[in-house]
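Trainee: Mind having a look at this structure? Questions to follow.
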Amino acid sequence: MELRLYENMKDCELFEEPKQHNFRRENKQESMKKAILSTISGLILLFGGGSAFGYEALANQAKSGLYAKSIEQVLRLQPDEVDLGTAALIVSERWSELVAGVRGLETLDDMAIEIRERLRDKRIRMNYRAIEVINEYLFKDLGFTPLAEADDPNDLFLHTVLDKRKGYCLSLSVLYLAIGERLGLPLYGVVVPGHFFVRYDDGRVQFNIETTSQGGTASDEHYRKKFQVPKDSRNSIYLKNLNKLQTLGCFFNNLGLSYNHVGNSESEMLALLRAVEINPTLSESRANLGNAYQRRGQIVEAIREYEAALAINPSDPKTHNNLGNAYSERGWMSYAISEYRRALELDGKFVDAYRNLAIALTKQERYGEAVRELRRLIELKPDDASYYGHLGEVYTLKGDYKPAIAQYEKALKLAPELGEAYYGLGVCYGKLGREDDEIQAYRKAIELNPSMVNALVNLGNAYFGRKDYDVAIELYERATQAAPGEAMVLFNLGAAYSNKGDYEQAVGAYLRAVELDDGIGDVHYQLAYAYYQLKVYDPAWKHIQIAKELGVTVPEELIKAIKSRMK
């Protein structure tokens, strides 16, 4: 059962049309005051001033964060001292040795200076009116555009956004914020479940900026409905102005996903631990850290993070599903079933939750309920062969072999290469006594998947039943090569040699089985019998005693025969 990652904050919202900013109205006194200041500023500019606009130095030049050399140094800074552009490029350099962070900083500075010059030319102060100039420059003149799919981990990084002029919600917002900090604008990152955007807020004027829609704006209520922000978000950071460290925390969340994408689990864990440390009330970071723990087999830690995530955002179906997976790993099937059902209450089309629920119900031998859930799943995905095969497995376990055969045949119509369906057919044919069909089905399964151990063993068993021990031995040998750690396969191999009368080979197979698992009583019994046939009585007596200790009923005749021949 594959664990699906909760890769949120990557599916960016694309607005159909950028909307005009809807600013708060100013009263007449404020308007007149503003007009007077504008006139004075214009006169200063006309006579060689310009400092009244605060345009001579970029606003971030005195920030300590501009001179940070490592992300560890950045994280030791106070939020107001962080330079987000510098921090993002430090992370880019760690991701790829080809990144020249200095060049990226120069590019950001040049972009900020260009915007500043445009504002000067238009005699616009560094306030909310500057946003329209930034939007025009970034999205129309330079052509920064959103990516339809955030499936390339490189698209998270600032250097890639600058080079390709493409990004997704978080990476475009980081660019926007990096420019804003150079201009001294009161811009903040804002996070909602699965999305990130920018907000202008000077204490008087406030509006949201959607970087995936050319700087268009949308209300907080839009984000609440679209991204299902928890109704009680007092204990989370959703829809709140983030400081720069909190924005970095969101960045580390996605950075962890990027490292997972390239198989670097250590860097993934470090990034996600930082994300949770910075933003302990961001549900996504908790859930993704839970995923990382679960992949490592640290199930207790995974459960802790999933439960923390759901305390923040109880309406997240993916995390309920993943918590169900963790409970299942612990063997807590009733709890797992409860979580899968909760996931489906929240998302009635969540195919993974249906599948996982069916698996959990099957483990509890609640076959009728499992069939019902799989049929609902098939209604959603009628062209997925694997679901018909899964339904066939449940019918097989239930003992309904004819319906099982019908489902396996449906699966094979959709996917003739599905070896597991042929294996399932073989099992059903064997139960129904259709020996020739059973053998043919297993052979087809092995043809499609030569290392399918169960098919090799079952086909060997079919030939064993026909007393064709040479073919059975060949198949068991192939199975031991495919699964060298399976003691019971070696037991079958020993039995085939023994029935053939080759007791030396039988002893060899049984001894290999004992090395793997010395707690199988039948292996010790058969080993004792093979030694007896070879007239090697001391080891025969030793293993007959072990078999008895393990609960095997040993014929008295054999015990007496071995004992009478011992010295």
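The numbers here are math on the coordinates, done by the rules we state, and not lab data. Note that the structure is a prediction, hence the values are computed from the model and not measured. Don't worry about glycine lacking a Cβ; one is built from the backbone with ideal geometry, like all the others, and counts go over all protein chains shown.
Trainee: Which residues, taken from segment 143-179, are out of contact with any Gly (no Cβ under 7 Å at 6 or more places or on another chain), farther than 20 Å from T217 by Cβ and not small (G, A, S)?
Mentor: Answer for segment 143-179, where residues must be out of contact with any Gly (no Cβ under 7 Å at 6 or more places or on another chain), farther than 20 Å from T217 by Cβ and not small (G, A, S): E149, D151, D152, P153, N154, L156, F157, T160, D163, K164, K166.
Trainee: Within segment 359-414, can you find the residues that are out of contact with any Ser or Thr (no Cβ under 8 Å at 6 or more places or on another chain) and of a type in the set (G, A, S)?
Mentor: G368, A385, S386, G389, G392, G399, A406
Trainee: All but one of (1) in contact with a Gly (Cβ under 6 Å, 6 or more places away or on another chain); (2) at positive phi hold for F227; state the number of the condition that does not hold.
Mentor: Checking F227 against (1) in contact with a Gly (Cβ under 6 Å, 6 or more places away or on another chain); (2) at positive phi, the one that fails is (2).
Trainee: For segment 492-536, which residues satisfy the criterion of being buried (at least 24 other Cβ atoms within 10 Å of the Cβ), touching a Leu at 6+ places or on another chain (Cβ under 6 Å) and under 18 Å from Y469 (Cα atoms)?
Mentor: Selection gives A509, Y510.
Trainee: Do you know which of the residues in segment 78-100 that are free of Cβ contacts under 8 Å to residues at least 40 places away in the same chain and in contact with a Ser or Thr (Cβ under 7 Å, 6 or more places away or on another chain) is surrounded by the most Cβ atoms within 10 Å (Cβ to Cβ)?
Mentor: If we take residues in segment 78-100 being free of Cβ contacts under 8 Å to residues at least 40 places away in the same chain and in contact with a Ser or Thr (Cβ under 7 Å, 6 or more places away or on another chain), then I90 is surrounded by the most Cβ atoms within 10 Å (Cβ to Cβ).
Trainee: Continuing with this model, one more query. Which ones in segment 466-486 are of a type outside the set (K, R), touching a residue at least 24 places away in the same chain (Cβ under 8 Å) and surrounded by fewer than 19 Cβ atoms within 10 Å (Cβ to Cβ)?
Mentor: Across segment 466-486, the qualifying residues are D470, A482, A483, G485, E486.
Trainee: Tally up the residues in segment 316-342 that are crowded, with 24+ Cβ neighbours inside 10 Å and either of a type in the set (A, V, I, L, M, F, W, C) or not in a helix (DSSP H, G or I) (or both), please.
Mentor: Of the residues in segment 316-342, 4 are crowded, with 24+ Cβ neighbours inside 10 Å and either of a type in the set (A, V, I, L, M, F, W, C) or not in a helix (DSSP H, G or I) (or both).
Trainee: Still on this model: Surrounded by fewer than 17 Cβ atoms within 10 Å (Cβ to Cβ) and either touching a Leu at 6+ places or on another chain (Cβ under 8 Å) or of a type outside the set (S, T, Y) (or both): does that describe D141?
Mentor: The answer is yes for D141.
Trainee: Scan segment 447-461 residue by residue and report those that are surrounded by fewer than 21 Cβ atoms within 10 Å (Cβ to Cβ) and either part of a helix (DSSP H, G or I) or in contact (Cβ under 8 Å) with a residue 60 or more places away in the chain (or both).
Mentor: Within segment 447-461, E447, L448, V453, N454, N461 qualify.
Trainee: Sort through S70, S64 and tell me the only one that's surrounded by fewer than 22 Cβ atoms within 10 Å (Cβ to Cβ) and in contact with an Asp or Glu (Cβ under 9 Å, 6 or more places away or on another chain).
Mentor: Selected residue: S64, the only one of S70, S64 that is surrounded by fewer than 22 Cβ atoms within 10 Å (Cβ to Cβ) and in contact with an Asp or Glu (Cβ under 9 Å, 6 or more places away or on another chain).
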